[in-house]
Amino acid sequence: MKFARRLDQVPPYLFAELERKIAEKQRAGIDVISLGIGDPDLPTPEPVVAALAEAARDPATHQYPSNRGSKEFREAAAGFYRRRFGVELDPATEVIPALGGKEAVGHVCLALLDPGDICLSPDPGYPPYTSGPLFAGAEIEYLPLEEQNGFLPDLDAIPGERAAGANVLFLNYPNNPTGATAELEQFSAAVELAQRHDLIVVHDSAYSEICFEGYQAPSFLEAPGAKDVGVEIFSLSKGWNMTGWRAAIMAGNAEVVERYRHLKTNLDSGMFEALQRAVIAALTEARTFPREMSAVYERRRDLVAAGLRAIGLEIDPPRATPYFWVRVPEGYTSAAFAELVLEQAAVVVAPGPSYGPSGEGFVRISLTVADDRLEEAVRRIESSLRAGILSP
């Protein structure tokens with residue numbers, strides 16, 4: 001059989017590989033603790049579940065939905081942005097449902113990139129920031145996120161000819177995998193770059209609602225001129241524990257929103273109307289729920305920070321996201337440390353290079369498991385280190 005060559009351009013998806021390794025260990029009867037996949041362990045808030053159940057019983061939701069989304073959905077999204085960020089959106093032209101943040105990233109690449117175009121993608125970064133452009137036939141220009149720069153891209157360091165030839169810039173703050181945060185000045189710099197080179201900014205806002213110590217992450221759309229040059233993908237996956245629901249919003253530049261809608265009319269049939277009603281409930285009735293989840297993750301963050309420090313690992317506790325970006329002990333590569341932790345401690349962590357070349361020397365640890373399992377995972381790693389099993 002002959003297959004499309006585009007799949008040969010990207011490695012197996014990181015989390016699919018992690019799931020395979022976990023299943024292999026579990027089949028051998030080993031108790032594996034996975035800190036590699038960021039899938040919330042707690043349930044979706046009850047008002048959201050109730051709204052879905054009620055809507056699913058309404059025959060009016062059983063027909064094809066509009067790719068544009070219901071008027072109520074778009075108004076609820078615009079209302080959320082107004083209350084949360086002070087951003088005014090036109091519900092008729094600047095808001096559209098997306099079937100999850102990951103899907104939105106991949107699909108917006110098909111709407112914005114042609115073969116030979118250049119996409120500016122953060123490194124390390126969420127894998128679809130590179131796979132999406134590659135599937136569209138575009139070239140990748142990596143934007144290294146370096147520790148000394150707070151894991152923020154140095155937009156001035158982009159080679160002039162690459163910036164001039166670029167059509168899309170991906171940003172993601174609070175950041176996966178590093179946990180770094182950005183302020184409006186960084187978003188404003190991205191707007192200026194986009195205006196200078198006529199490129200489109202796509203900000204993936206998957207973690208803005210998981211923040212600690214009173215910090216509130218800004219929206220890219222708060223930056224002056226942001227709607228002139230780009231869009232934001234706002235995902236409900238982490239803030240409302242809705243990873244399996246595939247519920248997100250694309251908001252911002254009306255022309256980009258319309259091109260995305262045009263693409264989607266040819267790829268899918270829109271978001272299930274009952275799910276749209278559930279999203280409305282999340283953004284209204286359950287709008288404060290992410291604060292509860294932030295408190296949970298902050299407690300877990302502090303628990304893990306204490307354990308990692310006791311082990312002797314270098315850490316900088318994040319002020320947002322359910323992730324730690326941890327430098328591996330001296331003498332290890334990311335892959336070697338992750339492999340040994342899996343084999344000797346039955347703990348899964350995600351090796352940094354899975355997120356891009358600049359991830360070498362780091363692993364990502366997720367806080368999306370129960371407190372007692374986090375404690376047990378850190379204890380296992382510590383025991384292995386003390387026993388010399390993991391000595392380089």
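The values are calculated or read from the model by the stated rules, or taken from the named source; none is laboratory data. What you see is a predicted model; the values in this text were computed from it and never measured. Because the Cβ atoms are built from the backbone with ideal geometry, glycine has one as well, and the counts that use them run over all protein chains shown. Side chains included, ligands, DNA and RNA excluded: accessible areas come from the protein's heavy atoms. Shrake-Rupley method; radii C 1.70, N 1.55, O 1.52, S 1.80 Å.
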- Message: Anything in region 43-58 that is more than 26 Å from the chain's Cα centre (by Cα) and either in a loop (DSSP other than H, G, I, E, B) or farther than 21 Å from Met242 by Cα (or both)? List them, or say none.
- Response: Arg57, Asp58
- What do you reckon, is Ala350 at pLDDT 90 or above, open to solvent by less than 10 Å² (accessible area, probe 1.4 Å) and closer than 29 Å to Pro11 by Cβ? yes
- Query: Just for region 242-269: of the residues that are acidic (Asp, Glu) and part of a helix (DSSP H, G or I), which one is nearest to Ala281 (Cα to Cα)?
  - Reply: Glu258
- Note on the structure: The condition of being free of Cβ contacts under 8 Å to residues at least 60 places away in the same chain, within 24 Å of Gln148 (Cα to Cα) and not hydroxyl-bearing (Ser, Thr, Tyr) holds, among Ala345, Ala350, Ala335, only for Ala335
- Within region 287-334, can you find the residues that are open to solvent by 60 Å² or more (accessible area, probe 1.4 Å) and touching a strand residue (DSSP E or B) at 6+ places or on another chain (Cβ under 7 Å)? Glu314, Arg319, Arg327
- Message: Out of Ser219, Ser188, Ser208, I need the residue that is farther than 15 Å from Ala320 by Cα and hydroxyl-bearing (Ser, Thr, Tyr). Which one?
- Response: Ser188
- Query: Taking region 317-352 on its own, how many of its residues are within 21 Å of the chain's Cα centre (by Cα) and of a type in the set (D, E, K, R)?
  - Reply: 2
- Task: Considering only residues that are small (Gly, Ala, Ser) and under 23 Å from the mean Cα position of the chain (by Cα), look in region 80-111 and name the one that is most open to solvent (accessible area, probe 1.4 Å).
- Result: Gly86
- Query: Does Thr61 satisfy the condition of being of a type in the set (Val, Ile, Thr), open to solvent by 30 Å² or more (accessible area, probe 1.4 Å), more than 21 Å from the chain's Cα centre (by Cα) and over 29 Å from Ser354 (Cβ atoms)?
  - Reply: no
- Message: Being within 18 Å of the chain's Cα centre (by Cα) and either surrounded by fewer than 20 Cβ atoms within 10 Å (Cβ to Cβ) or at negative phi (or both) narrows it down to one residue among Pro153, Pro115; which is it?
- Response: Pro153
- Query: Do we have Ser366 as modelled with pLDDT under 95, hydroxyl-bearing (Ser, Thr, Tyr) and within 22 Å of the chain's Cα centre (by Cα) here?
  - Reply: no
